[in-house]
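The values are calculated or read from the model by the stated rules, or taken from the named source; none is laboratory data. Quick caveat, the model's predicted, so the values are computed rather than measured. Heads up, the Cβs are rebuilt from the backbone with ideal geometry, glycines too, and the neighbour counts pull from every protein chain shown. Side chains are part of the model used for accessible areas, which takes the heavy atoms of the whole protein and leaves out ligands, DNA and RNA. Shrake-Rupley method; radii C 1.70, N 1.55, O 1.52, S 1.80 Å.
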Amino acid sequence: MKSRWKKYLAAGLVLSGMLSLTGCHGAKEEKNFVIPDTFDTAKNHEITFWAKNDTNKTQTDIYKKAIADFEAMYPNITVNLKLYTDYGKIYNDVITNIATDTTPNVCITYPDHIATYLTGKDTVVPLDELLTDENYGLGGSSLAFDSPAKEEIIPQFLSECSIDGHYYALPFMRSTEACYVNKTYVEKLGYTLPDTLTWDFIWEVSEAATKKNADGTYALNGQDVMIPFIDKSTDNMMIEMLAQKGAPYSSADGEIGLFNDTTKELLFQIAEHTESGAFSTFKISGYPANFLNAGQCVFAIDSTAGATWMGSNAPLVDISSDSLQDFETEVRMIPQFDPEHPKMISQGPSVCVFNKKDPQEVLASWLFAQYLLSDEVQIAYSETEGYVPVTSKAQDSEEYQEYLSREGEDNNTYYSVKLQASKLLLDHAEDTFVTAVFNGSASLRDAAGQLIENVTKSVRRKKEIDDAFIEKLYSDVTSLCHLDQIQADGSSGKKELGPLPKTSVVLLTVLGVIWGVILLYLLAELVKKRKYQKENH
Amino acid sequence: MKKRLVLMMALSMALAVPGCAMAEESTETAAETETVSEAAESETEAETDVKGEGVMTHDEYLAAETDAEVVVETYVQAKQSWWEDKATLYTQDKDGAYFIYNMPCTEEQYKELVPGTKIKVTGYKAEWSGEIEISDVESFEVEEGSYIAKPLDVTELLGKDELIDHQNEFVSFKDMTVEAAGQDADGNDVPFLYNYDGSGSQGDDLYFNVSSNGETYTFTVESYLCDKDSDVYKAVEALQIGDKIDMEGFLYWYEGVNPHITSVTAAE
């Protein structure tokens, strides 16, 4: 059973942490990390690992096994695991702990979040030198395990962890979004499911699915409920639509382009299909998987990392068995505007290392973070959901290839929908993209989703969606997500704050006067000293 | 030399003041846990529950369409969480319950919303995975009056269609038997799980199974409503399979009944 408000809180907490770290500068001890020549195995280290799982016990078991295996290789390192089920909660806890200098050692995170962590001083360890260190770097000679070489990390995935030209994380797993389709319903409506979905196709079939019987039930399923198209992540939905249209979202240096005419056009389109009952969202109605599995949805867009919840034979189900419907499930790319040049988002957890006073402790943390990229961990974890390993070493391994070849052998490890979701990303890795990372990019992402959520809710509440509505929406969302505090270089910590308060002016004036007095005093002392020396020479 | 030192020290202190003030601006907020059980001693029974002008009765609220604007007067029974100036509340009047989701309010206002507090709420009726609630609250105000609901025993309604008529109400379950919630790593039956599948750890939601009349149901200790330090959280962690227990809680809904338990005691 999944939880709703834990996920909601995550979205809200993102805003609370943003922009709040710049005041910490100078309050902490300097921790400039320099890689030690050797790792001191005689010294014991206790490190903390904050890990995110998809509310999936197999994943938590894999984390525990990875820790046990790692501790067996490095008996002087103890890894304490703290489990989370959403990224936002980790983010909020990290923000809180940066302020008290009690961050974890190793943490699963999003690059968007790291950009905010970096506004604190010496928080996240830059990995550039660690990656290539001949002893302890990737594939290093002094490692106790078989680590991938840097070249064996899928370059695109590694580049997603680069901020301002420096690597601050390692990719851990990668996923994308997929469209899970009730093929039985599509064909019942008289359509043939294409290999590549287009937005036109999705909207047309969804509209057809809204037809009702005289008794008020839906013609397609005979039930009281039918939401033909549900999207789990409306922020991804807007970002992907804009990317497919080649419209602005944000520039690499943090200039916001979201509030443009293409966005408006898309919102009008979404409003039209909401009004007819063809579309809704996770936040408004519930998990797409639950509607899909109950035969109350035709197209469900969700992460490939949610594949085990999708379909009549899904190993994980959140609805009662008597609600579960029998239908044929197909996995497709998310709908496209230009099927010849598909675009879908790349997402998934990354892992970062936090700085500490003791370089040996940081090195121990790095060793563990790096171990998460070993074949053992990569292959085991990627098999739990529609993830793919982030290294070619793991992807090309005999073990992983055999796993892929056994699609559909059972409805658990080899669940066909899950393996199709993984293959979707493996086949289209070059069609994935990421958005620019800067301090505030997490809030911009939130704003992108908020636009769709607000329009959808407003339509359902019979409000008119016109130019004036969109204009006000842009203004409200800008303010709600604090986007007006983000400057073009993404350095929200350097935002314009308006004129200084009077008390600050007074304080600064006093400080200026004190400095003046000090300088005058020192000058007078100097003159006096020289005069004295001259007189007594 | 001493004068120079004094001047330098004064200067450093003056410079340090703003830095410290900023560093201390922690925004952490802990979810408060206040349940009806804890406030039962101050229970006061409202004599009448006459609605103000323009305020819906509970029946009118139930009859309203999803996404319609609703105005209700109700009484706080428990507070689940507050963050970013939004509160989630279990509320109830004498006729039925209203789950209020993400109601804008300041932390100071939230502290004043003790169990029994009467509030007038204007928002929109919503349904999320079967849970009927008021969301996108546009305004609320505290009014005169106090009411704390007594738990309604719904044990006999479990598994029946009528149970949904009491959605979100403060209810009790009597003489139920603790069943295995799952297995541990060694394959042994366990009486509760952290998260629905055991993927969590202490501090996460607790899930446990209880049976009555041959049917087994999954109940939850929602960790934002009752955190790991609460009596009910500890009580569930101490359960043994086969225990006979009485429970109180709120009749939350998620794809079916999913009670959020606030009290567990040995069956009387």
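What percent does the relative contact order of segment B:55-95 come to when contacts are Cα pairs within less than 8 Å and at least six residues apart? Please list the in-between numbers first.
Values: 43 pairs, mean separation 13.4, N = 41.
After rounding, I find 33 percent.
When only alpha carbons of segment A:48-93 are considered, Rg and Dmax amount to 11.6, 32 Å.
Taking GluC sites (Glu not before Pro) across segment B:60-148, the ones in a DSSP loop with at most 11 further Cβ atoms lying within 10 angstrom of their Cβ are B:E65.
Which of the GluC sites (Glu not before Pro) across segment A:392-450 are loop residues per DSSP, with 16 or fewer other Cβ within 10 Å?
On the way: sites: A:E398, A:E399, A:E402, A:E407, A:E409, A:E430; in loops: A:E407, A:E409.
In loop regions of segment A:392-450 (DSSP not H, G, I, E or B), the sparsely surrounded GluC sites (Glu not before Pro) are A:E407, A:E409.
Summing Lys and Arg as +1 and Asp and Glu as -1 over all other residues whose Cβ lies under 9 Å from the Cβ of A:V79 gives a net charge of -2. Let me spell out the model: positive unit charges on the Cβ of Lys and Arg, negative unit charges on the Cβ of Asp and Glu, origin at the Cα centre of the protein assembly as shown. What dipole size does that give, in debye rounded to 20? About 3900 debye.
Entry note, the protein assembly as shown: the mean residue ellipticity at 222 nm calculated from DSSP H runs of n ≥ 4, each adding -39500 (n - 2.57), is -10000 deg cm²/dmol after division by the residues and rounding to the nearest 500. Modelled label positions at A:S475 and B:K111, each set 7 Å beyond Cα in the direction of Cβ, lie 3.5 nm from each other. For segment A:359-431, the relative contact order comes to 24 percent (Cα pairs under 8 Å, sequence separation of at least 6).
Computed FRET efficiency, Cβ-Cβ of B:K160 and B:D59, R0 30 Å: what is it to the nearest 0.05?
Working: r = 21 Å, r/R0 = 0.69.
Efficiency for this residue pair is about 0.90.
Computed across chain A, the Kirkwood hydrodynamic radius from all distinct Cα-Cα pairs reaches 25.4 Å. Taking both sides together, the accessible area buried where B meets A is about 4100 Å² for a 1.4 Å probe.
Annotation: amide H of B:I132 has no partner in the under-5 Å range at sequence separation 5 or more or interchain, hydrogens built in the peptide plane.
The GluC sites (Glu not before Pro) found in segment A:267-369 that occupy coil by DSSP, while having at most 15 further C-beta atoms within 10 Å, are A:E328, A:E340.
On the protein assembly as shown, 49 percent of the accessible area sits on carbon and sulfur atoms, based on a 1.4 Å probe.
Among A:373-379, B:85-91, how do they line up from the highest to the lowest mean number of other beta-carbon atoms within 10 Å?
Numbers: A:373-379: 21.0, B:85-91: 23.3.
Most protected by this proxy first, the peptides run B:85-91, A:373-379.
Give B:K79/B:K125; A:K211/A:K264; A:K232/A:K393; A:K43/A:K64 a once-over and call out the pairs whose C-alpha atoms are over 26 Å from each other. Before the final figure, lay out each step's value.
On the way: B:K79/B:K125 19 Å; A:K211/A:K264 28 Å; A:K232/A:K393 32 Å; A:K43/A:K64 23 Å.
Distance filter (> 26 Å) returns A:K211/A:K264; A:K232/A:K393.
Dipole magnitude for segment B:157-253: about 120 debye, using +1 per Lys or Arg Cβ and -1 per Asp or Glu Cβ, origin at the Cα centre.
Give the accessible surface of the protein assembly as shown per residue, rounded to a whole number of Å², with probe radius 1.4 Å and ligands, DNA and RNA excluded.
For the protein assembly as shown, the per-residue accessible area is 42 Å².
Across the residues of B:122-134, average count of Cβ atoms on other protein chains within 10 Å? Don't jump to the answer; show the numbers that get you there.
Values: counts 0, 0, 3, 0, 5, 4, 8, 10, 3, 2, 0, 0, 0.
Average neighbour count from other chains, rounded to a whole number: 3.
Placing pseudo-labels 7 Å out from each Cα toward the beta carbon at A:D396 and A:L511 gives an inter-label distance of 5.7 nm. Cross-linked pairs A:K188/A:K212; B:K51/B:K174; A:K356/B:K228; A:K57/B:K228: Cα-Cα separations exceed 25 Å for B:K51/B:K174; A:K356/B:K228.
Of the three principal axes defined by the Cα atoms of segment B:132-268, the extents in descending order read 54, 31, 28 Å.
What's the whole-number percent of alpha carbon pairs in segment B:173-238 lying beyond 14 angstrom?
Numbers: 1184 of 2145 pairs.
Here the long-distance tail beyond 14 Å is 55 percent of all Cα pairs in segment B:173-238.
Out of all DSSP beta bridges in chain A, what portion is antiparallel? Express it as a percent rounded to 5. Walk me through the intermediate numbers first.
Numbers: 24 of 43 bridges.
Percentage antiparallel, nearest 5: 55.
Bridgeable lysines around A:K529 (alpha carbons under 24 Å apart, same-chain partners fewer than 8 residues away excluded): B:K2, B:K3.
Under 18 Å of direct C-alpha separation, and excluding same-chain neighbours fewer than eight residues apart, A:K463 reaches these aspartates and glutamates: A:E265, A:E272, A:E275, A:E453, A:E471, A:D476, B:E65, B:D67, B:E69, B:D136, B:E138.
Would you work out the relative contact order for segment A:261-378, in percent, from Cα pairs under 8 angstrom that are 6 or more residues apart?
Working: 69 pairs, mean separation 15.6, N = 118.
13 percent.
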